[in-house]
1. Counting helices only, and only those DSSP H runs with n ≥ 4, report the 222 nm mean residue ellipticity of the chain as the sum of -39,500 (n - 2.57) divided by its residues, in deg cm²/dmol to the nearest 500.
2. Once the Cα atoms of region 229-299 are picked out, what are the Rg and Dmax in Å?
3. By DSSP, what percent of the beta bridges with both residues in region 21-296 are antiparallel, rounded to the nearest 5?
4. Report, in whole Å, the centroid distance computed from the Cα atoms of region 72-143 and region 168-232.
5. Can you tell me the FRET efficiency between residue 52 and residue 143 if r is taken as the Cβ-Cβ distance and R0 is 45 Å, rounded to the nearest 0.05?
6. Using the number of other C-beta atoms within 10 angstrom as an exposure proxy, rank 120, 40 with the fewest first.
7. Among 202, 130, 239, whose mean-square fluctuation peaks in a Gaussian network model of the chain (Cα, cutoff 10 Å)?
8. What is the calculated FRET efficiency for residue 247 to residue 68, with r their C-beta to C-beta distance and R₀ = 30 Å, to the nearest 0.05?
Ligand SMILES: [Zn+2]
Ligand SMILES: [Zn+2]
């Protein structure tokens, strides 16, 4: 069940200063705290986006600090979900009881904690020129040098780490996903993360009035985030709401302009459609299409 053990070993377990102190936690236990300022939410999560950051990030990303440095976009997050989940742990204002969704889902033993992640997204990524076939996309960690590494490899629109689509050797991501909470996520060690299309990313878009549903694949244009190499993570449609056309590679990826109305956010950019009905179980990319991944996980 635990994945990415080597990475976890390097991870700090300290609570972030935005967490409440013990007295606040105890007070909130006895009341419905949905309106309490103790509860982390999209309202109070501290979105900070610099003026010169490209419009794409301004429009879709919440709860992160985003700046431009040397032309690269730098996204920094404390990786604390701005919604309630079981994985905050009992006593936390953001704790929610486990929902087993008909008995299929069971929690893993971990509890999430803050941990700073900083992703440097190249503005003009260099393609590795790979042909991403089913031989490369096997959902198994460590079977190719072209894979994204384990641990945080992207940032979602809700500020949560995006991991690749693999589980640790011996584990199966398609079994492990039954430890996902209602937001499509779970912690490895203390690091809460997504592995694909998820309700948390869509909750960020919903908060901004960009979608009406948090269920992936609900016939709305979805942005789930971006990987460290510059691969953009969309849902079942193109960002302008059009149907995906042309052939997709084995992780539902292809190159194309990413635009929304008259705005073109990325020209000729590799992106994947994390959409179960298009294949690959709606999962994140396994294979890194562009050369560089600049990401600093940990405290
Ligand atoms: Zn995981
Ligand atoms: Zn596309």
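1. -2500 deg cm²/dmol
2. Cα only, region 229-299: 12.8, 42 Å (Rg, Dmax).
3. 80 percent
4. A separation of 7 Å, based on Cα centres.
5. Between residue 52 and residue 143 the formula returns 0.65.
6. The most exposed by this proxy come first: 120, 40.
7. Maximum fluctuation in the GNM of the chain, among the listed residues, is at 130.
8. The value I calculate is 0.30.
Read-outs: derived from the displayed coordinates by stated rules, not from any lab. No experiment lies behind these values; they were computed from the predicted model shown. Positions of Cβ are generated from backbone atoms using ideal geometry, with glycine treated the same way; all protein chains shown enter the neighbour counts.
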